[in-house]
Amino acid sequence: MDTSDHSPNPTAMPVDDRRAIRTVLICGYGVMGRGVAKTFAASGFRTLIHSRRAGALTDLPAGSRVVARLDELGIERPDLAIEFASETLDAKAAVYRQLEAAFQSQELIIATGTSGLDLVQLAASLVRPERFLGMHYFMPADTSPIVEVMSGPQTPAALVDRVAVAVEATGKDALRLYRPTIGYVVNRLQHAILHEAYYLIEAGVANAAEIDRAARTLLAPRMCLNGLIRQKDLSGLKIHADAQRSIVPALFHNGVPNPMLQAMVARGETGLDAGRGFYDWSGTDVEQERTRASSEFTLLQAFLATLDRQP
């Protein structure tokens, strides 16, 4: 975990981080960028889009504006720029150089849409790292209910809060993280579970379908209703602490990406799109299956919301 100083850059002039964000620039218009642009445009934000494919884009949100070069924006100045470049340090650093050159005012907030890169390393290329943070959206970005807003290594808490307020204005729940850590919260929890699940498959303890049945039947419903930590309070911490003493030492802590998964990807077994992953998807209508999963998730969220409203 990063232990660097989180105070603002001492050479930077003070900036009012209480001012509402009104104009958002989306850098990169792939699946994720398109979904995020849609949420801001639909919520009344001035939404600008920077894409090399500007001239070919036809599915732009109503009221948005797309440019191929940042200098085409003229006098328009974004309050927040969200980068959705490919998941490499070099690709993202190139976008940050363009943004800091085009908008030299210290007002601009630059956010990365990365899900797994280190914000400390990403911030190292910036002239103004105190204006940098992470915004982790989940697929599909326009309908998923939560966004993780995470501080960079020098980002003041007020800036995290300011961006979180903008996210909440789009109807999403903003999870505010005031210290940078690789993977945010959701991905760290998800990968901890998945790393153990892959080991159990490799070791012959259970197959993918059996693990999914356990998750869908018991683990996931408990998390939906009570979360992860609250559930332990409900069931009793004494039993939990006793179980940890025997189970935790036996967990698969090797710190290495699972070789079975890496080999599957190398063979082209990448899941639904390829027709095979852990499951056989041959003959499946890809878009129909994704739409089904998204619709069922939306129904589940609506049901959970009704429980939250009960006294």
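Scanning the stretch 51-82 for residues that are out of contact with any Asp or Glu (no Cβ under 9 Å at 6 or more places or on another chain) and open to solvent by 80 Å² or more (accessible area, probe 1.4 Å) yields a total of 8. Counting only residues that are closer than 29 Å to Asp308 by Cβ and of a type in the set (Val, Ile, Thr), the stretch 217-259 holds 3 of them. Residues that are of a type in the set (A, V, I, L, M) and surrounded by fewer than 22 Cβ atoms within 10 Å (Cβ to Cβ) within the stretch 132-146 comprise Met139, Ala141, Ile146, listed in sequence order. Can you spot a residue in the stretch 84-104 that is open to solvent by less than 10 Å² (accessible area, probe 1.4 Å) and β-branched (Val, Ile, Thr)? No, that holds for no residue. If you go through the stretch 149-165 and keep only what is touching a Ser or Thr at 6+ places or on another chain (Cβ under 9 Å) and either open to solvent by less than 10 Å² (accessible area, probe 1.4 Å) or not in a helix (DSSP H, G or I) (or both), you end up with Met150, Gly152, Pro153, Gln154, Pro156, Leu159, Val160.
Tell me yes or no: at least one residue of the stretch 286-297 is of a type in the set (S, T, N, Q) and farther than 23 Å from Cys224 by Cβ. Yes - at least one qualifying residue is present in the stretch 286-297.
Scanning the stretch 257-272 for residues that are surrounded by 11 or more Cβ atoms within 10 Å (Cβ to Cβ), farther than 22 Å from Ala203 by Cβ and out of contact with any Gly (no Cβ under 7 Å at 6 or more places or on another chain) returns a single hit, Leu272.
Filtering the stretch 30-50 to residues that are open to solvent by 10 Å² or more (accessible area, probe 1.4 Å) and touching a Leu at 6+ places or on another chain (Cβ under 7 Å) leaves only His50.
The single residue among Leu304, Leu300 that is in contact (Cβ under 8 Å) with a residue 12 or more places away in the chain and either of a type in the set (D, E, K, R) or open to solvent by less than 60 Å² (accessible area, probe 1.4 Å) (or both) turns out to be Leu304.
Scanning the stretch 12-44 for residues that are charged (D, E, K, R), in a loop (DSSP other than H, G, I, E, B) and either over 24 Å from Glu130 (Cα atoms) or modelled with pLDDT under 95 (or both) gives Asp16, Asp17, Arg18, Arg19. Per the listing Ile146, Ile182, the residue uniquely in contact with a Lys or Arg (Cβ under 7 Å, 6 or more places away or on another chain) and either under 30 Å from Leu251 (Cβ atoms) or modelled with pLDDT of 95 or more (or both) is Ile146. In summary, strands (runs of 3 or more DSSP E) completely within the stretch 45-118 and bearing 1 or more residues that are within 20 Å of Arg131 (Cβ to Cβ) and touching a residue at least 60 places away in the same chain (Cβ under 8 Å) occur at 80-83, 109-112. If you go through the stretch 192-213 and pick out every residue that is of a type outside the set (Ser, Thr, Tyr), open to solvent by 60 Å² or more (accessible area, probe 1.4 Å) and either in contact with a Pro (Cβ under 7 Å, 6 or more places away or on another chain) or assigned to a helix (DSSP H, G or I) (or both), you end up with 6.
The values are calculated or read from the model by the stated rules, or taken from the named source; none is laboratory data. Since this is a predicted model, take the numbers as computed values, not measurements. Cβ atoms come from the backbone with ideal geometry, glycine included; neighbour counts cover every protein chain shown. These accessible areas exclude ligands, DNA and RNA; they are computed on the full protein's heavy atoms, side chains included. Shrake-Rupley method; radii C 1.70, N 1.55, O 1.52, S 1.80 Å.
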